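Please treat every number below as a calculation from the coordinates, not as lab data. In this text the structure is predicted, and so the values were computed from the model without any measurement. Here the Cβ positions follow ideal geometry from the backbone for every residue, glycine too, while neighbour counts run over all protein chains shown.
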Amino acid sequence: MALSEEVKVFRSIDEIGKTAVDSLAVDGFFTYGWFKAIETQSSVKMTPIYIAVYNGGKVVAIAPCFVDSIGDFFSYGPKLTPYFHRIVSLGQKLRFYDSHALLCCSPFCFRSKLLFEDNLDEKHILSLLASKLDLVCKEKRFLFSAFLFVSEFDKLLRENLQHHGYEEFRSITTYYLEVKWSSFEDYLKSLKKRTERKVRREMREFERQHVVEDQAEFGESSDRLSKLASNLVSKYSESQQESMFASLFLKLSEHASDKAKLFVAKKNNELVGFSLSLRHNDVLDVWMTGFDYDVQSKTDFAYFNLCFYMPIQWAISEGITKIYYRWKSEGAKVKRGCVPETNYAFVKCNNRLLSILISSVLKSRLYSHLKTKYLK
């Protein structure tokens, strides 16, 4: 890198610019349109901090980060001991640090990535970004900075974050599908015979009961999509959710319609199920789904068709080479050709005393017992 390199911090993706961001983006969740939608929506509170490296006035690397509360961080971040959160809460009450963490990831995608221009000294750039992350956390008094979802295939982050003070933890297992077929028929034939027969039956039954569509514009359907998505959340949580994501869908349609792909199922002209994916170049990410469970039957099969068969068909026709999926429903994903991807969390505590405590816990013989017994 030349001596003109400079590291800057921004609060809006517009300060970096669409062309610069999309030229470095690796998938739909790291594009200008997605970040713009996140910034302008009001469904979920998100505070972005973008750290960018410039060389000769040109953006060559970006670390997209978002501020989250420590309470939420503990709900899905790595656990240290059954009582560690109580120690942290006490420190907050005593105002030793702020009640937020800085997460280096893109909202909802469950992947932590840094965006690089080709042919860079990535270890050097990582050092610049890590140093700036430390400065931001010191200025804002954030207790933690974290890369929560680092892929097993991300050699740069996995091998180097610990040199910058980050502790490694096992994180979630997600799934992906390598699209290597020239036709959907070839994909079906690649499955085990029993699964292939099951898939064909599920497709026939689904098409018999529904009118299926893929839609380019979905802003006018944002309220309905949000209601269906909230149904899914309510099904797997204790609280009843109502229209959680309407603003997010609306802003996504406004700012990233060229990146979004919506598949819907209708009955009697009523939208009863959907899946929403993001696409950038040759990567597709099946992100959000939602259903009207009041009209579903045991032979509805909307989930499998909207989340697997329709996106895979479309991906093959579009020349997409990789489809990302989330965690859970592991058996269904593997049977349909998906492969597990192990992720790791890297967390840095920016309070010296707590950092020493964490390091001591992780090095103790007792930690492996606690991890097995209490920490999942």
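Remarks
- Length available on full extension from residue 120 to residue 39: 0.36 nm per residue minus the Cα-Cα distance, which gives 26.3 nm.
- Computed over neighbours whose Cβ is under 15 Å from that of residue 330, the net charge equals +4, Lys and Arg +1, Asp and Glu -1.
- Nearest-0.05 FRET efficiency for residue 269 and residue 173, computed from C-beta distance (R0 35 Å): 0.35
- Volume of the convex hull of the range 180-320 (Cα atoms only), normalised per residue: 116 Å³.
- Other residues within the sphere of radius under 14 Å centred on the Cβ of residue 151, judged by their own Cβ, net out at 0 (K and R +1, D and E -1).
- Estimated at 0.36 nm per residue, the fully extended path between residue 8 and residue 330 surpasses their Cα-Cα distance by 111.9 nm.
- Local net charge near residue 345, Cβ-Cβ under 9 Å (Lys/Arg +1, Asp/Glu -1): -1
- Rule-of-thumb Rg ratio for the range 262-325 [Cα; 2.2 N^0.38 Å; N residues]: 1.17
- Phi angles of the range 225-234 translate, via the Karplus equation with coefficients 6.51, -1.76, 1.60 and θ = phi - 60°, into HN-Hα couplings of 4, 5, 4, 5, 5, 5, 4, 5, 4, 5 Hz per residue; Gly and Pro are given as x.
- Evaluated over the range 236-354, the count of Lys pairs having alpha-carbon atoms less than 16 Å apart is 6 (only pairs 8 or more residues apart or interchain).
- Each peptide among 8-16, 315-323 gets the average number of other Cβ atoms lying within 10 Å of its residues, and from highest to lowest they stand as 315-323, 8-16.
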